[in-house]
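Working notes, beginning with the structure itself.
Just so it is clear, none of the values below were taken in a lab; they were calculated from the coordinates. All of these numbers come straight from a predicted model, not from anything done at the bench. Cβ coordinates were reconstructed from backbone atoms using ideal geometry, including for glycine residues, and neighbour counts include every protein chain displayed.
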Amino acid sequence: MIFGHHPIRHKGGGFDTNLNYGADEFIGLMDDNGVSMYGYGHLHEYSEVFFNDNGAMFEGIYYLDVNTLGKSDQN
């Protein structure tokens, strides 16, 4: 599992919050090392999706965007 702040690539695209530099290399390292999940929270939207970078990753990963940490709510 890896935790970061920014999304690697946002599902809606066009956001400057994505990892712009080194994203391809980072995705390759995750794929090569069998990472199962990338958790992040910059967008403050709760979502759980499967990420395989449009087929570029062999198995893909669980992509978890957390709404908030340390605050009480259903997510």
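If you stretched the chain out fully between residue 45 and residue 58, how much longer would it get, using 0.36 nm times the residue separation minus the C-alpha to C-alpha distance? Don't skip to the answer; put the middle values down first.
Working: separation 13, 0.36 × 13 = 4.68 nm, distance 2.67 nm.
Between residue 45 and residue 58, full extension yields an extra 2.0 nm.
Placing pseudo-labels 7 Å out from each Cα toward the beta carbon at residue 67 and residue 37 gives an inter-label distance of 1.8 nm.
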